[in-house]
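Trainee: Mind having a look at this structure? Questions to follow.
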Amino acid sequence: MNFESPVGVFDSGVGGISVLKRLVQELPNESFIYYGDTAHAPYGTRNVDDIMHCVNEVVDYLLRQDIKALVIACNTASAVAAQTLRSWMQIPVIAMEPALKPAALLRKQGRILVLATPVTLKLEKFQKLYELWGEGAVPVPCPGLMELVENEDFAGAETYLRGVFSTYDPDSLDAIVLGCTHYVFLKSLIRSMLPQHVFVVDGNEGTARQLKHILEEKRLCSSGGRGTVKLYTSGDAHDIEVMKQLYAYDI
Ligand code: DGL
């Protein structure tokens, strides 16, 4: 491994592609290897041991590609595995969490809805975040929503979200936190469904800045030239096609 090695990025499926896009924008000289564990998706409704097992296999694969840093482009996998991975991995591990803090800083008097997987919202990582920044915030588990993104079923996602938002007076909302990287592909849809004053917040930009900071701090930045992006999946060729389509999608 050296400073020209790629950065490994993974998610349970295509959600992390939304993160990858942001990483490439922030660090165009770096090379990235993306792994979508589509064959084992969704993570967010599995038990924690299962998820850990899947994550270990993905990490093994990425380490064999000689990566210099790992980005867990998945809130669920971060909640389950980040601490354990950091305890033994020799390279920097960048993890994600629902962007509740930035949303709380934008909040006036209204509610914040935190949309995420059931596992993310249940685990200690989020519980701690909620204790600190959760005033006015409502955790909203969204089982089934990531599958609609995986299938690029945006009409289905709209129906799903109408159901979620129908419980709340739209004027009482200050912000929506997209606490699952799949939901970032629904950002413009969500914006179009809610009044203009409602902020829609995700953690992708913060994650990209964090990776940049760590590569600089550890003197791991690539020396120049345009980086490359390689996509892998535990699924099939169709999954790679969906990844490519979503990579081209204007978020
Ligand atoms: N993209 C994921 C996240 O950020 C996981 C979705 C899933 O596999 O359930 O939580």
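Each reported figure results from applying straightforward, stated rules to the coordinates on display, with no laboratory input. Computed from a predicted structure; not experimentally measured. Ideal geometry is used to build each Cβ from the backbone, glycine not excepted, and the neighbour counts take in all protein chains shown.
Trainee: In debye, nearest 20, what is the charge dipole magnitude of the stretch 57-106 about its Cα centre with +1 on Lys and Arg Cβ and -1 on Asp and Glu Cβ, if you could check?
Mentor: 160 debye
Trainee: For each of Glu152, Glu217, Glu97, count neighbouring Cβ atoms within 10 Å of the residue's Cβ, then give the residues from fewest to most.
Mentor: Glu217, Glu152, Glu97
Trainee: Within a Cβ distance under 10 Å of Leu220, other residues only, what is the Lys/Arg minus Asp/Glu net charge?
Mentor: -1
Trainee: Would you mind counting up the charge near Ala175? Only other residues with Cβ under 10 Å from its Cβ, with Lys and Arg at +1 and Asp and Glu at -1.
Mentor: Counting the neighbours of Ala175, the net charge comes to +2.
Trainee: Relative contact order of the chain: what whole-number percent is it, with Cα pairs under 8 angstrom and at least 6 residues apart?
Mentor: The value is 31 percent.
Trainee: Follow-up. Relative contact order, percent, of the stretch 129-219 when contacts are C-alpha pairs under 8 Å separated by at least 6 residues?
Mentor: 25 percent
Trainee: Report the local net charge at Ser5: Lys and Arg +1, Asp and Glu -1, summed over other residues whose C-beta lies under 10 Å from its C-beta.
Mentor: -2
Trainee: A further question on this structure: Taking the Cα centre of the chain as origin, work out the dipole magnitude from +1 charges on Lys and Arg Cβ and -1 charges on Asp and Glu Cβ, in debye rounded to 20.
Mentor: With only Lys, Arg, Asp and Glu charged at Cβ, the dipole is about 720 debye.
Trainee: Nearest 10 degrees, 0 to 90: what angle lies between the long axis of helix 154-165 and the longest principal axis of the chain (Cα atoms)?
Mentor: That works out to roughly 50 degrees.
Trainee: What list do you get for Phe154, Phe165 if you sort them by fewest beta carbons within 10 Å?
Mentor: Ascending Cβ contact count within 10 Å gives the list Phe154, Phe165.
Trainee: Got a sec? Which residues in the stretch 11-25 would a label at Lys244 touch, if it sits 7 Å along Cα→Cβ and we count backbone N under 16 Å?
Mentor: Those under the cut-off are none; the list is empty.
Trainee: Calculate the dipole size of the stretch 131-193 relative to its Cα centre from +1 charges on Lys and Arg beta carbons and -1 charges on Asp and Glu beta carbons; express the result in debye to the nearest 20.
Mentor: Dipole about the Cα centre, nearest 20: 120 debye.
Trainee: Something else now. Going by average Cβ neighbours within 10 Å, how do the peptides 73-79, 181-187, 42-48 rank, with the highest at the top?
Mentor: Per-residue Cβ counts within 10 Å, averaged per peptide and sorted highest first, yield 73-79, 181-187, 42-48.
Trainee: A further question follows. For Arg64 and Leu132, what is the calculated FRET efficiency with R₀ set at 51 Å and r taken between the beta-carbons, to the nearest 0.05?
Mentor: 0.85
Trainee: Work from the charge dipole of the stretch 1-93 (Cβ charges, +1 for Lys and Arg, -1 for Asp and Glu, about the Cα centre) and give the residue of Cys54, Thr76, Ser5 farthest towards its positive end.
Mentor: Positive-most Cα among the choices belongs to Thr76.
Trainee: Would you mind pulling out the separation of the Cα centroids of the stretch 1-76 and the stretch 166-213, in Å?
Mentor: 22 Å
Trainee: I've got another one for you. Once both labels are modelled 7 Å past Cα along the beta-carbon direction, what's the Ile214-Ala39 spacing in nm?
Mentor: Those two pseudo-labels are separated by 2.7 nm.
Trainee: Given the rule -39500 (n - 2.57) for each run of at least 4 DSSP H residues, summed and divided by the residues of the chain, what is its mean residue ellipticity at 222 nm, to the nearest 500 deg cm²/dmol?
Mentor: Helices in the chain give a 222 nm mean residue ellipticity of -13500 deg cm²/dmol.
Trainee: Between Cys221 and His197, how many nm apart are label points set 7 Å from Cα along the C-beta direction?
Mentor: In this crude label model, Cys221 to His197 measures out at 4.2 nm.
Trainee: Turning to a different aspect of this structure: Quick one: which of Lys108/Lys244; Lys187/Lys218; Lys68/Lys128 span more than 31 angstrom between C-alpha atoms?
Mentor: As for pairs spanning more than 31 Å Cα to Cα, those are Lys108/Lys244; Lys187/Lys218.
Trainee: What list do you get for Met1, Met146, Met243 if you sort them by fewest beta carbons within 10 Å?
Mentor: Arranged by neighbour count, lowest to highest, Met1, Met146, Met243 become Met1, Met243, Met146.
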